[in-house]
């Protein structure tokens, strides 16, 4: 793991350290650290689920979490709000709207009143809004979070990101690939970027049975994906690969758990390739473990990812995995040991890998068991929370992360 040097005075003039309304209580380590997480709103998606899991599991004796929602008026977002956490909803729509100035003042007052010591922002709008205001409020440490490869970045985003570097204490990436992409696009000082990996909730997968080494005769084979229906997920490639797989394995059915703007396009593509009745778009699936329990092969075919939450869930479920070699996939999976890795955008290679696992049940069982063991040893939610807790305490106490 890379080290992150966080000098105690980075981004905070020495005068401000003594004149701000509050300062870090280094003389009283019994007091919990006050950390405010800032995100646009909550949703049933990867980054949001990781943040909620972190907030839920933080030891309140050591860290007191706060949550600021840039918008927060979405009913789903409000349903997902965590317990035992002070929450501020700002209702900010467009950052350039005049009303945003009122909410900015409200946010600064809240940070000062609650004596927040760390602000950690997720996503672009929340970062643009909260990082400068946290600096204004005298918050000692201001962190950005990068959990993807920045495939969505425009030149304007890159310029704004470089401007934020001067106001940011550090950036947390969830994998080395995300860190490299950030360094290339926005050019922060390398020593201010730290990798802290995601985790998966093994309790949800505890009761899942491993793959059977001998599937019953006549059993329908099931290949599936957990993914939002967006272009970056490469689902058009999955549809094309599915048509090829069914030539050799006509008893195979294909399933996608997720929703998004590409649904009609994928339905048309599947029908054109003769997959009507065999390619199933299930929409949002609340019980992901049960969905994965029925699969013989779990697929990730994205063109770009950071540390994929779906891939971690596949590993926790002990499924045989076929994944594109993107983002952290090669860090999570050793090709041929924990799953099969292929290049992105290649339907032929994807269909060959799926077909190989479907033909060789012993291989499928071996890959699934190895993936589960690896995830349990390294990528549990408990391990993730320890990583973050150690990071926060080291940053504020000893100023260096090793």
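The values are calculated or read from the model by the stated rules, or taken from the named source; none is laboratory data. Bear in mind the structure is a predicted one, so any value in this text is a computation, not a measurement. Cβ atoms come from the backbone with ideal geometry, glycine included; neighbour counts cover every protein chain shown.
Things to note:
- Of 191, 176, all but one fail to be under 25 Å from the mean Cα position of the chain (by Cα), surrounded by fewer than 21 Cβ atoms within 10 Å (Cβ to Cβ) and within 21 Å of residue 339 (Cα to Cα); the exception is 176.
- Comparison of 145, 168 shows that the only residue that is within 26 Å of residue 36 (Cβ to Cβ) and in a strand (DSSP E or B) is 145.
- Residue satisfying all of: in the stretch 302-346; in contact (Cβ under 8 Å) with a residue 60 or more places away in the chain and in a strand (DSSP E or B); surrounded by the most Cβ atoms within 10 Å (Cβ to Cβ) among these: 320
- In summary, residue 59 fulfils each of the numbered conditions (1) modelled with pLDDT of 95 or more; (2) surrounded by fewer than 14 Cβ atoms within 10 Å (Cβ to Cβ); (3) outside any loop (DSSP other than H, G, I, E, B) with the single exception of condition (3).
- Filter result (in contact with a strand residue (DSSP E or B) (Cβ under 8 Å, 6 or more places away or on another chain) and either touching a residue at least 40 places away in the same chain (Cβ under 8 Å) or not in a loop (DSSP other than H, G, I, E, B) (or both)) within the stretch 79-103: 86, 87, 88, 89
- The criterion of being in contact with a helix residue (DSSP H, G or I) (Cβ under 8 Å, 6 or more places away or on another chain) and either at pLDDT below 95 or more than 30 Å from residue 287 (Cβ to Cβ) (or both) does not hold for residue 86.
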